[in-house]
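Student: I am attaching a structure below and will ask some questions about it afterwards.
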Amino acid sequence: MTIPTPSLLQALRGYRTPLLYDAIERFAVRSKTEGYTDGSIRCIFPQLGSFAGHAVTAKIVGEFPLAEGEAHLTYKDVWQHVAARPAGSIAVVQDLDAPAGRACAWGDVAASVFQRLGCVGVLTNGSVRDLPEILPLGFGLFAGSVSVGHGNIRFVAVDTPVKVGGLQVHPGDLLHMDEHGAMIIPPEVALDDLLRVADEIIAAEAGVKRYCASADFDFTRLDHMHAASMGERLDEA
């Protein structure tokens, strides 16, 4: 996997996830309905803005107690795996319980530990808790629900493909997340090119919005400006 530099990760955090979706669309590397989470994922702290980082993946269960002989990982196993990944990671954790979220792996202690190990946030179809204590940490929570109790939570796998909010995530995938949800930035798109196109879209959309407020508003001119902001071209009438 290619690890973005800290400066590029910081630059990515300056953009909204839908804007980067629009920029990725210009490169035509995947379907327009692929690469992002569905509406089952909630951004718990939208005031923290955008997050970007590579995926460190895991799977958890927790509704039922540990059965005799059941394979699972110790917390130390998980911590050592996360600590060995480059800093600036995002924990992407699939809750295998059905329904997910009855048990919770993400409270204030877990957030503090994972942040110390280099994670900037978590993306999970499971639940989170201890929200007032986590918010001051600046640790991003993107989850399927909130929960009162931790239940019988345990990790059963790390460094494996997972599916969260309808999004298939592999270890090392580059993620971008904000209040709209999470998205994978495809490796086929160079980040410098992505940010350049994103800036072009910002400028084009600003022009459309200014024109909508202008006195000489005209549908034909609007049509061409809107098409340009979408990366399209209209034949001259």
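The values are calculated or read from the model by the stated rules, or taken from the named source; none is laboratory data. As the structure is a computational prediction, the values presented were derived from the model and not from experiment. Note that we place each Cβ from the backbone using ideal geometry, even for glycine, and neighbour counts take in every protein chain shown. Note: areas computed on protein heavy atoms with side chains; ligands, DNA, RNA excluded. Shrake-Rupley method; radii C 1.70, N 1.55, O 1.52, S 1.80 Å.
Student: With +1 assigned to the C-beta of every Lys and Arg and -1 to the C-beta of every Asp and Glu, and no other charges, what is the dipole magnitude of the stretch 1-74 about the Cα centre in debye, to the nearest 20?
Tutor: So the dipole magnitude of the stretch 1-74 works out to roughly 460 debye.
Student: When you take every Cα atom in the stretch 1-50, what is the radius of gyration, and what is Dmax, the widest Cα pair distance, in Å?
Tutor: 12.8, 31
Student: Could I ask something else about it? When Lys and Arg each count +1 and Asp and Glu each count -1, what net charge do the other residues less than 13 Å away from LEU141, Cβ to Cβ, add up to?
Tutor: Taking every other residue near LEU141 into account, the sum is -3.
Student: Take peptides 93-104, 123-134 and line them up by average Cβ neighbours within 10 Å, highest first, as a rough protection proxy. Could you put the intermediate results ahead of the total?
Tutor: Numbers: 93-104: 19.7, 123-134: 21.9.
Per-residue Cβ counts within 10 Å, averaged per peptide and sorted highest first, yield 123-134, 93-104.
Student: Also, I was wondering about something else. Hey, any idea what Rg/Rh is for the chain, computing Rh the Kirkwood way over Cα pairs?
Tutor: Working: Rg = 20.2 Å, Rh = 19.1 Å.
In the chain, Rg relative to Rh is 1.06.
Student: What are the semi-axes of the equivalent ellipsoid of the stretch 122-192, taken as the square roots of 5 times the eigenvalues of the Cα gyration tensor, listed largest first and rounded to whole Å? Before the final figure, lay out each step's value.
Tutor: Working: eigenvalues 121, 56, 22 Å².
Equivalent ellipsoid of the stretch 122-192: 25, 17, 10 Å, largest first.
Student: Now for a separate question. How are the alpha carbon pair distances in the stretch 1-115 distributed across 5 Å bins from zero to the largest one, expressed in percent?
Tutor: Per 5 Å bin, starting at zero, the Cα-Cα P(r) for the stretch 1-115 comes out as 2, 8, 14, 20, 19, 16, 10, 6, 3, 1, 0 percent.
Student: OK, next. Take the solvent-accessible surface of the protein heavy atoms, probe 1.4 Å, and return the percent of it on the chain that carbon and sulfur atoms account for.
Tutor: 54 percent
Student: Also, quick follow-up: How many angstrom separate the Cα center of the stretch 166-192 from the Cα center of the stretch 1-47?
Tutor: 5 Å
Student: Please name which of GLN168, HIS150, SER214 has its Cα lying farthest along the dipole of the chain towards the positive end, using unit charges on Cβ (Lys, Arg +1; Asp, Glu -1) and the Cα centre as origin.
Tutor: Checking the options against the dipole of the chain, the answer is HIS150.
Student: Counting only other residues whose beta carbon sits under 15 Å from that of LEU12, what net charge do I get with K and R as +1, D and E as -1?
Tutor: Working: positive: ARG13, ARG16, ARG196; negative: ASP22, ASP173, ASP178, ASP192, ASP193, ASP199.
Net of charged neighbours comes to -3.
Student: Net charge near SER112: determine it from the other residues with C-beta under 11 Å of the C-beta of SER112, scoring Lys and Arg +1 and Asp and Glu -1.
Tutor: -2
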